[in-house]
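For reference, the structure is listed below as structure tokens.
The values are calculated or read from the model by the stated rules, or taken from the named source; none is laboratory data. Just so you know, these numbers come straight off a predicted model, no measurement behind them. Cβ sites come from the backbone with ideal geometry, for glycine too, and all protein chains shown count toward neighbours.
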Amino acid sequence: MSIRAIETGYAGHRFRSRLEARWAVFFDKLGIRWEYEPQGYAVGPDGKRKPYLPDFWLPKEKLWVEVKGSEDQLDVELLFHAAIPHFGLPNPAGPHTINGHQVRLLILGPIGRVGALVDSRTEEHVGYSQPAHTVLSFRKGDVFEGTACFFANGIDITPEGGLVGNDGPDINWDTRGSQWGNWVGGGGLISDECDEAAHAAYRAARSARFEHGQTP
């Protein structure tokens, strides 16, 4: 049995799900400007074009954002095609380039839990277990799956990761069934800095309470 998302009001917008609204709360807590579903596009090569309405656009970071509650809800082919510049999503503010990669699409799952790290010998606080999220980038005809982490001063993106496929009509990715989105919702990356602001944003998003009576 599938569970229907609950439409949720926040910041003057009607979100399609509470999870989307929680990520909006998260962005606000970190001071990240966002636009919700600003425009839809047809993405993909000729003969495979599909309509796609991304959930968020982050203008300062030049990033599109897709939010899904679970990995099996991801349309892998659609997101793969959306990450390819010449028939995917446009870059309204120009390309976001890191190490030769055009960073194209950030994929966010459930709001990750964070935890304090303690030195087992001294019992002193030494940092946090930092959630990590999937980011798709494009470089020299190939799409890569990298990682993104949030900090008080922005998003730290590592685009170099597993090769997803090239810019042809097919996804040449033998491990897509087991590897796709394995960072969505959080990973085990250890933060080198005690970034209270980012972790406070995760806590605020997880605990956010919205108005009663949303339409299911």
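Each row is one residue, and each column tells you yes or no for (1) crowded, with 20+ Cβ neighbours inside 10 Å; (2) outside any loop (DSSP other than H, G, I, E, B).
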{"position": "Glu20", "(1), (2)": "yes, yes"}
{"position": "Phe26", "(1), (2)": "yes, yes"}
{"position": "Gly31", "(1), (2)": "no, no"}
{"position": "Pro38", "(1), (2)": "no, no"}
{"position": "Asp46", "(1), (2)": "no, no"}
{"position": "Val65", "(1), (2)": "yes, yes"}
{"position": "Asp72", "(1), (2)": "no, yes"}
{"position": "Pro90", "(1), (2)": "no, no"}
{"position": "Leu106", "(1), (2)": "yes, yes"}
- Of the residues that sit in the range 74-86 and are free of Cβ contacts under 8 Å to residues at least 60 places away in the same chain and outside any helix (DSSP H, G or I), which one is nearest to Ala24 (Cα to Cα)? Asp75
- Message: Among (1) of a type outside the set (Ser, Thr, Tyr); (2) without any contact (Cβ under 8 Å) to a residue 12 or more places away in the chain; (3) in contact with a Pro (Cβ under 8 Å, 6 or more places away or on another chain), there is one condition Gly40 misses while meeting the rest; what is its number?
- Response: (2)
- If only one of Glu71, Glu7, Glu61 is within 27 Å of Asp142 (Cα to Cα), touching a Phe, Trp or Tyr at 6+ places or on another chain (Cβ under 8 Å) and of a type in the set (Asp, Glu), which one is it? Glu71
- Task: Kindly indicate whether any position in the range 29-37 is farther than 21 Å from Ile155 by Cα and of a type outside the set (Gly, Ala, Ser).
- Result: no
- Hey, Arg104 over 17 Å from the mean Cα position of the chain (by Cα), within 21 Å of Ile155 (Cβ to Cβ) and of a type in the set (D, E, K, R) or not: no
- Pairs under 8 Å by beta carbon, first residue closer than 13 Å to Asn166 by Cβ in the range 124-153, partner surrounded by 21 or more Cβ atoms within 10 Å (Cβ to Cβ) and of a type in the set (Val, Ile, Thr), six or more apart or different chains? Phe138/Ile84; Asp142/Val164; Val143/Ile84; Val143/Val164; Phe144/Val164
- Task: Taking only the range 18-70 into account, find how many residues are closer than 19 Å to His81 by Cα and small (Gly, Ala, Ser).
- Result: 4
- Message: So Ile98 passes all but one of these: (1) touching a residue at least 60 places away in the same chain (Cβ under 8 Å); (2) within 22 Å of Ala208 (Cβ to Cβ); (3) of a type in the set (A, V, I, L, M). Which condition number does it fail?
- Response: (2)
- Note on the structure: By residue number, the members of the range 115-146 that are within 17 Å of Tyr202 (Cα to Cα) and among the hydroxyl-bearing types (Ser, Thr, Tyr) are Tyr128, Ser129, Thr134
- Query: Before we move on, is Leu78 out of contact with any Pro (no Cβ under 7 Å at 6 or more places or on another chain), at pLDDT 95 or above, surrounded by fewer than 21 Cβ atoms within 10 Å (Cβ to Cβ) and closer than 27 Å to Tyr10 by Cβ?
  - Reply: no
